Each structure stands twice: as structure tokens, then as C-alpha cells.
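Reading through the C-alpha cells given below for one structure.
Bear in mind these aren't lab numbers, they're just calculated from the coordinates by the rules spelled out. Bear in mind the structure is a predicted one, so any value in this text is a computation, not a measurement. So basically every Cβ, Gly included, is an ideal-geometry build from the backbone, and we count neighbours across all protein chains shown.
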Amino acid sequence: MKSKPAASVRLPDFVEPMKAKLVGSMPSGGDWIYEIKFDGYRALALRVGSEMRILSRNQKDLGTKFPEVKDSIAALDVQDAIIDGEIVALDEKGRSSFQLLQGIEMGQEKPPIVYYAFDLLRLNGKDLQGLPIEERKAKLEELLKKPPGVIRYSVSFTKDIPELLERAGKLGLEGLIGKRARSKYEAGRRSGAWIKVKLHKEQEFVIGGYTEPEGSRKHFGALLVGFYEGKKLKFAGRVGTGFSDKLLSSLYSELNEIRAEKCPFYNLPATGRNRLSPASTARFRGPWFPKSGFGPRTVLIEIDLSGRRLRGFGGTVFPKNDFQGFNCGRMLGFGL
């Protein structure tokens, strides 16, 4: 029988999720445990008695969108708890696919959903954040010995990690998450106690605006991206392919609401009325060179608009020297 909370117990406060630091390779020294890196929505499950919330890293409600996760949390035999995990959509091979998650928002058929739980921050009135990760994981594994519904325990690995990484690559997985042994949970921090090792070379750039469409194209032409040199944002390139008509419309509706006035790129002309300011980001897979710009095989893989991630584009990136005729008067600006 499930234990009942005392009348004074309320829903636990939101805890900002701990962040992983991106590294180029696995550390050579020290004790680490590793987990599969899932490609989904980071989600914090908060529960007390019959009350619960499933929240994103930006405290947006995910319980309404994923009722199967909420129902599974409700079925846990706990008084209260805070679980850190990832909501993922599974493809036909059982791999997490962010593109399938994105497809739900675009009205596509809903794929199988799983909530992979990888940390336990609170259990039955006790704050566990100060405990070593091994103890937190042990308590979580015990709690999920017979997981209800769509909850699954995210298994840890401590041996043969290079082989594990190679196998993950062959399976088409995104990478591994490494967590320093005996580390505490550092809410909201990217201290380096958690790291992410990705299997593909990726780089992140700031989105500074987008061009107006030309010809039969609707909504917008290309996204303009750059990087910081000190405190100045330098234009690096543009990406204009890989967007479906529906995605162009959806992005345009959001960006059109958040125009700004100042052109962020110091190396583009700043004439005209429509200016822009940077805040959102785009992530690319492939080479980028400081002098020559993006390599010929670089593609756009993700856009992050204030925590809302969009993936699955495959859009080609044009090099930084291909901006003839661009100026801030021809851009529709946005900032978040």
C-alpha cells in the first residue's frame, strides 16, 4: 500500500537540472560512471501524494503532452519524490529520436514514449542531492525494480567504456554521459562533474536573424548565424535548406513575435529599419574553420528557441563569405 503524506507536505519545489559539459574525448584519469546519452526532452518529475508535475528544464509543463509519463509517476509507491530523467520517443530499432518527438508537435502519429530516469533528488521527505551519485542511483534502481508504465531505469556502465562508445556509434546513438564517481548533484551547474561525449563533431552558433524570402519561398529565406570574437558577434554563415513548409510557417510565427532593433553582427551593414539581436542558438554537425568558414558537408541539426529544441533538418550551410547583398535592413530580427 502506498504511504500517505502528512497534511503539511506539499509538492516539492522545482530543482534546476544539473548540466553536462561537452568534452572532445573521455577523461584518461579518475573514476567515472557512464550512461547512454538520450535524445529527448530533459524532464523533472515532482510528486507528493496524488499531486505531481512533469516539468521541462525551463519549468514548462510536459505532463499534459505526455500523460503516459504522468500516469507512470503516479503509480510509484512513494510519499514524495523528485526524479531527473529524459522523455524520449523510440524508433523502430528502439533508439531515442528527437525528430520523432518533434513530429508529435507537427501532428504526426505518436511513437512509443519512454521516460528514462537517471537520478533521484528526493525520496520520502529526504533531500538526496548531497549524497554520492552511486547512492542516489542505487536508491533509484531499487525504486524502479518493477517500473510502472513507461518509466525505465537508465543503467550505468563502469567497464569497457571505449568499446561501449564504439558500439553506441555503430547503433547510431548520440553518445555517452559521464558522471564523476562520488559526485553530488549540483543543481543548475555545469561544473564538469557531468560530461557528455558525442560521437559526431558538433559546434554551436548564435542565430542573429533571418533573411526575407525570395521567389516562391514563403515566410523567410535563410537563418543567419555567427560567433563571438570577444564581445563582438561575427557573421559566420547562413542556412536556408532543410525546412519543410510547415516548419517554415511555425518558426516564422514564433520569430515574428520577437523582433529586436539592433543588428548584432559587427561585420554586416546595419542600414534599414529591421534590426535584430541574438539569443537563440543553432547547432551544426561538420567542420568549421576560422578563416574559411563552414566546410562543404556541414549541416544544421538543431535549433534552440528558448529551450524549445527543433531537430531533423539536414539543411546545408553556406560559407561565411557568401553574404553579398545581406544587410540588417533586409533581415527580420529577433531576440529571446
Notebook entry, point to check: In a shell of Cβ-Cβ distance under 12 Å around Arg189, excluding Arg189 itself, what net charge do Lys and Arg (+1) and Asp and Glu (-1) give?
Noted result: +2
Check: Given H placed on each backbone N at 1.01 Å, which residues far from Glu212 in sequence or on other chains put an amide H within less than 5 Å of it?
Finding: Gly221, Leu332
Check: Label Ala75 and Ser191 with points 7 Å out from Cα along Cα→Cβ: what is the distance between them in nm?
Finding: 3.5 nm
Next item on the list: Starting at the first residue of the stretch 21-38, write each ³J(HN,Hα) from the Karplus equation 6.51 cos²θ - 1.76 cosθ + 1.60 with θ = phi - 60°, in whole Hz, x for Gly and Pro.
Entry: 8, 6, 10, x, 7, 6, x, 7, x, x, 9, 9, 10, 10, 9, 5, 8, 8
Margin query: Could you work out the relative contact order of the stretch 21-198? I mean the mean sequence separation of Cα pairs under 8 Å and 6+ apart, divided by the number of residues, in percent.
Written below: 29 percent
Notebook entry, point to check: Out of residues 5 or more away from Ile151 or on other chains, whose amide H comes under 5 Å of its own, with H placed 1.01 Å from N in the peptide plane?
Noted result: Tyr115
Check: Given H placed on each backbone N at 1.01 Å, which residues far from Asp119 in sequence or on other chains put an amide H within less than 5 Å of it?
Finding: Asp84
Item checked: Theoretical gain in end-to-end length, Glu68 to Leu11 [0.36 nm per residue, Cα-Cα removed] -> 18.5 nm
Item checked: Across Lys70/Lys218; Lys19/Lys145; Lys21/Lys60; Lys146/Lys184; Lys21/Lys246, pairs whose alpha-carbon gap is larger than 29 Å -> Lys70/Lys218; Lys21/Lys246
Checklist line | Tensor-based shape of the stretch 21-198 (alpha-carbon gyration tensor, a/c under 1.5 rounded, otherwise prolate or oblate) | finding: oblate
Margin query: Given axes a ≥ b ≥ c from the Cα gyration tensor, I'd like to know whether the stretch 152-193 is rounded (a/c under 1.5), prolate (a/b larger than b/c) or oblate.
Written below: prolate
Checklist line | Estimated FRET transfer efficiency (Gln108, Ser25; beta-carbon r; R0 45 Å; 0.05) | finding: 0.80
